[in-house]
Amino acid sequence: MKKPITITLLITLALMPAAHIAQANTIVYGRIYTSDETQPWAEAMAIEDGKFVYVGDAAGVENYIDENSDVITYDKGMITASLFDAHTHPATVGMTGWHTKMGVPDYDGIISFITDYLAEHDAEEAPFVYFEYYPSDLFGPEGPNKAPLDEIAPDRPILIRDFSDHASWVNSRCLELLGVYDLDPSDPVLDDYVRDENGDFTGWVLELGLAPLLDNLYEALDWYPPEEPTVEVMRLLTDDMKKWGVTGVFDAFIEDELQVQSIHDMDAAGELNMYYEMSYVLTDFADLDEVVETLHWLNDEYGTEHVKIDTVKIFYDGTNELGDSALIDGTVLDPDDHGFMLFDYEETKEIIRRCNAEGLDVHFHLVGDLAFRTICDVTEELIAEQGPLDIQVEMCHCEYVDPADMTRPAQLGIIVNWTPHWSGGYFGNAALQYLGQERFDNMYQFNPMMDSGAIVTFGSDCYSMFEANRANPYFGMQTAMTRIDIEWPIDDENPMRQKEEAKLSLEKLLKGYTINSAIQLRVDDIAGSIEAGKSANYNVYGVNLFDVPEDEFQYVMPELVVFEGRVIEGTAKENQ
């Protein structure tokens with residue numbers, strides 16, 4: 001494993017307290033990539049009271065130097081605006097620390113791993129074992145079956161989560177303790193529990209089918225996992241993010257009020273050091289009023305200068321890997337199977353209309369081209385009826401988009417969020433069996449959107465401790481530039497991953513991780529680029545990022561991270 005790329009600072013920042021940067025007039029010389037399209041590069045910047053007061057050429061900054069100025073020079077490397085993760089799950093990552101990491105790519109290996117683990121950890125030590133993960137393409141459309149799990153674990157509930165985090169493989173004991181056999185077969189909670197031709201549960205659970213019944217299992221075992229999103233749990237990911245130079249986060253799922261309170265408390269204590277936006281999930285149209293009221297209450301109770309709770313999150317369709325994404329032409333297995341959308345057209349329109357009236361942004365999880373087109377159509381119709389919207393309509397993932405709709409986000413002002421580390425084959429070939437080769441080969445095409453002027457942002461969408469390392473933005477950048485997964489490379493010749501036109505340039509990636517994401521979080525007036533008048537949020541690197549080989553980008557690490565003029569990570573912080 002290569003070591004992270006770092007630098008030696010010409011001026012020993014260890015002698016300069018972090019607080020002094022925030023209060024003193026500070027002059028910085030270096031190679032500065034601003035993320036400001038009107039001035040992409042600069043030679044110097046001046047900082048006073050935590051804000052940039054000058055960004056430009058070296059001659060111009062001399063007007064800001066006096067006998068009290070701290071003058072710092074970086075003669076190698078470069079400086080960028082601080083980064084954002086515009087869609088991820090810090091609470092969920094922290095709360096899944098008790099899960100068992102497996103990371104085995106093949107069926108025999110998984111069975112062997114589980115067998116050995118259960119032999120080494122008895123039921124008293126591990127009454128319920130939650131394994132992560134099995135590859136999304138390990139099984140065909142019929143999915144996994146509980147039989148082999150029943151053989152190795154007849155008396156103890158076990159669960160293996162799919163890489164997509166939208167499906168699980170469970171044994172009969174798990175189904176029993178969940179209480180599925182006690183429910184009426186027509187109960188809608190069982191819709192996500194796959195059955196065979198005889199109506200028996202197969203052991204394959206889709207989407208959010210587990211969530212409503214997990215408490216039954218815990219109660220039956222008289223055992224509850226350690227899952228409270230305390231400050232310590234939230235910091236498990238946010239601390240790493242700041243080391244990577246990420247000082248802006250969109251949290252795509254509020255698990256619990258304590259999660260919101262923890263972030264608020266971190267900010268109140270001066271420990272958050274990032275802009276943090278949170279979203280609350282709407283799963284039933286009948287709950288719209290309640291969700292709106294809850295969001296307003298949470299924001300009033302816990303919102304701060306840095307923390308906002310102001311977005312409705314909607315899981316609009318499924319996934320390509322499970323064959324339940326919303327597709328215009330249906331799946332190749334059944335052209336009449338167009339997947340599902342959680343809300344119909346009129347409900348979707350009313351949700352956006354209501355949120356617009358309430359000042360709440362809407363963030364749609366959507367994967368298929370039909371879901372993408374529907375949100376575009378609804379937004380276009382609303383704009384025609386009442387003029388430009390006051391809120392942001394955001395579509396995340398957007399894995400397969402019909403070419404005819406590529407330019408619509410730019411035309412309609414819709415923000416598109418994407419997960420770069422998925423583009424190297426993280427989910428294998430699972431989607432191929434539902435999309436067919438042509439659509440599969442054209443997944444993850446974001447250059448046409450960005451070229452048309454769309455605001456495209458990037459996030460890690462990390463959902464468990466197993467994949468927390470993939471929240472590293474440089475991991476995502478390398479994958480998007482090479483289309484090769486760093487941890488799970490696939491050897492087959494796959495056009496979807498090899499298309500040169502699908503690879504993203506570093507310029508586009510930096511734009512998506514900085515100014516575009518700041519727009520999504522509604523902090524672009526103070527963050528996202530290095531411009532006079534904005535907060536002094538920036539990262540210092542020991543190398544010019546544009547000189548780093550694409551296949552080594554994962555090793556990039558900022559030497560210094562500055563937030564609102566204060567050093568929060570790096571040499572100076574460690575030695576202050």
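The values are calculated or read from the model by the stated rules, or taken from the named source; none is laboratory data. All values derive from a computational prediction rather than experimental measurement. Cβ: placed from backbone, ideal geometry, glycine included. Neighbour counts: every protein chain shown.
Once segment 78-100 is narrowed to residues that are among the hydroxyl-bearing types (S, T, Y) and under 14 Å from the mean Cα position of the chain (by Cα), the residue that is surrounded by the most Cβ atoms within 10 Å (Cβ to Cβ) is T88.
The set of residues in segment 122-137 that are in a loop (DSSP other than H, G, I, E, B) and either in contact (Cβ under 8 Å) with a residue 40 or more places away in the chain or surrounded by fewer than 14 Cβ atoms within 10 Å (Cβ to Cβ) (or both) comprises D122, E124, E125, P127, F128, P135, S136, D137. All conditions in (1) surrounded by fewer than 21 Cβ atoms within 10 Å (Cβ to Cβ); (2) over 22 Å from the mean Cα position of the chain (by Cα) hold for R408, with the sole exception of (1).
Based on this model, can you work out whether F372 counts as assigned to a helix (DSSP H, G or I), aromatic (F, W, Y), more than 30 Å from N273 (Cα to Cα) and within 24 Å of the chain's Cα centre (by Cα)? So F372 passes the test.
Considering segment 101-117, the residues that are over 19 Å from E487 (Cα atoms) and in contact with a helix residue (DSSP H, G or I) (Cβ under 7 Å, 6 or more places away or on another chain) include one that is surrounded by the fewest Cβ atoms within 10 Å (Cβ to Cβ), namely T115. Residue count for segment 391-433, restricted to those that are over 22 Å from D461 (Cα atoms) and modelled with pLDDT of 95 or more: 12.
Within segment 226-246, none of the residues are over 21 Å from the mean Cα position of the chain (by Cα), on the phi < 0 side of the Ramachandran plot, assigned by TED's automatic domain parsing to the domain that holds E301 and without any contact (Cβ under 8 Å) to a residue 40 or more places away in the chain. For segment 451-481, the set of residues classified as surrounded by fewer than 20 Cβ atoms within 10 Å (Cβ to Cβ) and closer than 22 Å to D251 by Cβ consists of M465, N469, listed by residue number. When L159 is tested against (1) out of contact with any Cys (no Cβ under 7 Å at 6 or more places or on another chain); (2) assigned to a strand (DSSP E or B); (3) hydrophobic (A, V, I, L, M, F, W, C), exactly one condition is not met: (1). Can you spot a residue in segment 322-329 that is assigned by TED's automatic domain parsing to the domain that holds A431 and closer than 27 Å to F84 by Cβ? Checked segment 322-329: at least one residue is assigned by TED's automatic domain parsing to the domain that holds A431 and closer than 27 Å to F84 by Cβ. When L333 is tested against (1) over 22 Å from I254 (Cβ atoms); (2) among the aliphatic types (A, V, I, L, M); (3) crowded, with 20+ Cβ neighbours inside 10 Å, exactly one condition is not met: (3). When residues in segment 211-236 are screened for being farther than 19 Å from D182 by Cα and not acidic (D, E), 11 of them pass. Taken over segment 175-203, the criterion of being hydroxyl-bearing (S, T, Y) and either surrounded by 12 or more Cβ atoms within 10 Å (Cβ to Cβ) or under 18 Å from P157 (Cβ atoms) (or both) is satisfied by Y181, Y193, T202. Note on segment 301-319: residues that are modelled with pLDDT of 95 or more, assigned to a loop (DSSP other than H, G, I, E, B) and surrounded by 23 or more Cβ atoms within 10 Å (Cβ to Cβ) amount to 2.
One line per residue, one yes/no per condition, for (1) closer than 15 Å to M45 by Cβ; (2) in the same structural domain as L272 (by TED's automatic domain parsing); (3) assigned to a helix (DSSP H, G or I); (4) among the hydroxyl-bearing types (S, T, Y):
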{"residue": "L504", "(1), (2), (3), (4)": "no, yes, no, no"}
{"residue": "L510", "(1), (2), (3), (4)": "no, yes, yes, no"}
{"residue": "I519", "(1), (2), (3), (4)": "no, yes, yes, no"}
{"residue": "R522", "(1), (2), (3), (4)": "no, yes, no, no"}
{"residue": "V540", "(1), (2), (3), (4)": "yes, no, no, no"}
{"residue": "V543", "(1), (2), (3), (4)": "no, no, no, no"}
{"residue": "D551", "(1), (2), (3), (4)": "no, no, yes, no"}
{"residue": "V561", "(1), (2), (3), (4)": "no, no, no, no"}
{"residue": "I568", "(1), (2), (3), (4)": "no, no, no, no"}
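Answer with yes or no whether P141 is in contact with a Gly (Cβ under 9 Å, 6 or more places away or on another chain) and either surrounded by fewer than 17 Cβ atoms within 10 Å (Cβ to Cβ) or part of a loop (DSSP other than H, G, I, E, B) (or both). Lay out the reasoning, then the answer.
Details: in contact with a Gly (Cβ under 9 Å, 6 or more places away or on another chain): yes; either surrounded by fewer than 17 Cβ atoms within 10 Å (Cβ to Cβ) or part of a loop (DSSP other than H, G, I, E, B) (or both): yes.
Yes, satisfied.
Just wondering, is there one or more residues in segment 60-71 that are in a strand (DSSP E or B) and at pLDDT below 95? Taking every residue of segment 60-71 in turn, at least one turns out to be in a strand (DSSP E or B) and at pLDDT below 95. Residues being assigned to a helix (DSSP H, G or I) and touching a residue at least 24 places away in the same chain (Cβ under 8 Å) are entirely absent from segment 389-402. Does Y513 fit the bill of being touching a Leu at 6+ places or on another chain (Cβ under 6 Å) and over 23 Å from D441 (Cβ atoms)? Considered against the rule, which asks whether it is touching a Leu at 6+ places or on another chain (Cβ under 6 Å) and over 23 Å from D441 (Cβ atoms), Y513 comes out as yes. Elements of the type helices (runs of 4 or more DSSP H) sitting completely within segment 204-281 and holding at least 1 residues that are among the acidic types (D, E) and surrounded by 24 or more Cβ atoms within 10 Å (Cβ to Cβ): there are none. Hey, can you tell me all the residues within segment 80-121 that are under 30 Å from V393 (Cβ atoms), part of a helix (DSSP H, G or I) and among the hydrophobic types (A, V, I, L, M, F, W, C)? Within segment 80-121, A91, V93, M95 qualify.
Of the residues screened, N171 is not one that is over 33 Å from the mean Cα position of the chain (by Cα) and free of Cβ contacts under 8 Å to residues at least 60 places away in the same chain.
Scanning segment 438-450 turns up no residue that is surrounded by fewer than 23 Cβ atoms within 10 Å (Cβ to Cβ), in a loop (DSSP other than H, G, I, E, B), modelled with pLDDT under 95 and in contact with a His (Cβ under 9 Å, 6 or more places away or on another chain).
Among the residues that make up segment 141-157, is at least one of them charged (D, E, K, R) and under 24 Å from the mean Cα position of the chain (by Cα)? Taking every residue of segment 141-157 in turn, none turns out to be charged (D, E, K, R) and under 24 Å from the mean Cα position of the chain (by Cα).
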